[in-house]
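The values are calculated or read from the model by the stated rules, or taken from the named source; none is laboratory data. Note that the structure is a prediction, hence the values are computed from the model and not measured. Please note: Cβ atoms are built from the backbone with ideal geometry, for glycine as well, and neighbour counts cover all protein chains shown.
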Amino acid sequence: MLKSISSFILIFSFAMNLNAQDLSKHQWKDRLILIVAEEKNEKFQQQLTELQKHQQGLNERKLVIYQILPDTYSTSFKAENWQQSSELYNKYKAEKSDFRVILIGLDGGEKLEQTEVLSAEKLFNTIDSMPMRQAEIRRNK
């Protein structure tokens with residue numbers, strides 16, 4: 001009996017870890033923008049529109065966009081790429097707002113957070129002022 005319970009717990013834990021999204025896989029490779037909303041609301045749509053207009057700038061700065069809703073998330077602008085999970089939403093949702101945008105740097109630390117739509121200009125200026133981005137710019141000249 002104890003052996004079967006232990007087996008069940010082990011299998012359940014493994015399955016949960018497979019479903020969980022681990023952002024640390026991006027560390028030192030990508031910067032992240034997390035768009036967290038209770039639902040696809042106006043701010044959520046405005047934020048996506050703002051970022052989609054600046055694909056080249058996103059690519060130059062190694063930005064990966066996460067759209068995070070209560071039960072699903074996506075790492076692309078395509079509608080068919082949604083994954084089932086509430087882990088990211090529970091971790092990053094705003095305390096007193098139904099919308100939150102978070103910039104996570106290459107080192108995995110939160111660099112910017114706000115509950116209003118983030119302009120591409122503010123996003124790019126914030127990133128471009130970071131030491132690692134300055135080094136990237138110098139290397140690419």
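List of remarks:
- Test: residue in the stretch 35-44 that is without any contact (Cβ under 8 Å) to a residue 40 or more places away in the chain, more than 25 Å from Lys141 (Cα to Cα) and part of a loop (DSSP other than H, G, I, E, B): yes
- Taken together, Ser86, Ser119, Ser74 contain a single residue that is in contact with a helix residue (DSSP H, G or I) (Cβ under 6 Å, 6 or more places away or on another chain) and surrounded by fewer than 19 Cβ atoms within 10 Å (Cβ to Cβ), which is Ser74.
- Considering (1) among the hydroxyl-bearing types (Ser, Thr, Tyr); (2) in contact with a Gly (Cβ under 8 Å, 6 or more places away or on another chain); (3) modelled with pLDDT of 95 or more, the lone condition that Thr49 does not fulfil carries the number (2).
- When the stretch 76-124 is filtered for residues that are of a type in the set (A, V, I, L, M, F, W, C) and modelled with pLDDT under 95, the ones remaining, listed by number, are Phe77, Ala79, Trp82, Ala94.
- Among the residues of this structure, Lys62 counts as one that is among the basic types (Lys, Arg) and in contact with a Lys or Arg (Cβ under 7 Å, 6 or more places away or on another chain).
- Residues satisfying the stated conditions in the stretch 125-141, i.e. modelled with pLDDT of 95 or more and of a type in the set (Gly, Ala, Ser): Ser129
- Matching strands (runs of 3 or more DSSP E) fully within the stretch 53-141 where at least 1 residues are under 16 Å from the mean Cα position of the chain (by Cα) and farther than 20 Å from Lys29 by Cβ: 72-74, 99-104, 110-114
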